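For reference, the structure discussed in these notes is given below.
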Amino acid sequence: MRTICITGLDGSGKSTQAELLATKLPNSRIVSVWDIITREEFKAWTIYKKDLNVEKYVVNLHSTSRSLFIFHAFNEAYQRAINTEADFLIFDSHWYKYWAIEQAMGAPASLAEFFKNQYQPSDLIFYLQLSLQSQIDRKTKISVYESGQNGSKKIDNFVKIQSKAKSILEVLLPRDTIYLQAENTVEKLSDEILKTVVRKFDL
């Protein structure tokens, strides 16, 4: 099994690039923190039926409780994915981005080492870099979770969280991470990612 991580902050195009790559790699599987809500295979038993309900629940948790909730969701997606027969796992964000946001929102930094030790580094890691202004411009809707609150100060709080998270994320990423400019077109980014994957795995 080969593993590929596409990470970056909100609005950088991670999900789009993961989906495009999955269409070009046979027997691939996208892994996301929200698999327990969105994947059909989980719907028979998950208690999380609606995205909106989960978002409201998460944003009202204490910062430590919220981080544990986010990582319980990601860990379940991770464990189930690595036990499938997929040839390629494509991580939409991976733990790096989730932790950067959580720490920026007040989670205790002492949890970082624990989470880090739960996951094997991916064979390839792509970081989609995007300016904060471009993040804002791309977000047609800022969620309650992304801003950490309801109300009129969503954008201000989004900017504050994302600015902190950027610094945290860039320290977390391994040295061999491949940095890509997310300001480029979707097509150009997709081509760059695919070419790198083909070279890496000799496809």
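Per 0.36 nm of contour for each residue apart, how much would the distance between Q133 and H62 grow if the chain were fully extended, relative to their Cα-Cα spacing?
Gain in length upon complete extension: 22.7 nm.
Using Cα pairs under 8 angstrom and six or more residues apart, how large is the relative contact order of the chain, in percent?
33
Taking 7 Å along the Cα-to-C-beta vector as the label spot, tell me the T185-K116 distance in nanometres, rounded to one decimal.
About 3.9 nm separates the two model spin labels.
Of the options S63, I82, Y179, report the single residue whose Cα projects farthest towards the positive end of the charge dipole of the stretch 52-195 (beta-carbon charges: Lys, Arg +1; Asp, Glu -1).
Selected residue: S63.
Kindly provide the pair-distance distribution of the stretch 2-192 built from C-alpha pairs, with 10 Å bins from 0 and whole-percent values in order of increasing distance.
Bins of 10 Å from zero give 9, 36, 40, 15, 0 percent of pairs.
For a quick check of your reading of the filter: which trypsin sites (Lys or Arg not before Pro) in the stretch 91-197 sit in a DSSP loop and have no more than 10 other Cβ atoms within 10 Å?
K141, R175
How big is D, in µm² s⁻¹, for the stretch 164-203 by Stokes-Einstein at 37 °C and 0.692 mPa s if Rh is the Kirkwood radius over C-alpha pairs?
277
For the stretch 160-203 and the stretch 3-67, what is the separation of their C-alpha centers, rounded to whole Å?
18
Assign unit charges at the C-beta atoms only (+1 for Lys and Arg, -1 for Asp and Glu), then state the dipole size of the chain relative to its Cα centre in Debye, rounded to the nearest 20.
I would put it at about 440 debye.
Every number here is computed from the coordinates shown, using simple stated rules; none is lab data. Remember, it's a predicted structure, so these values are computed and weren't measured experimentally. Glycine also receives a Cβ, built like all others from the backbone with ideal geometry; neighbour counts cover every protein chain displayed.
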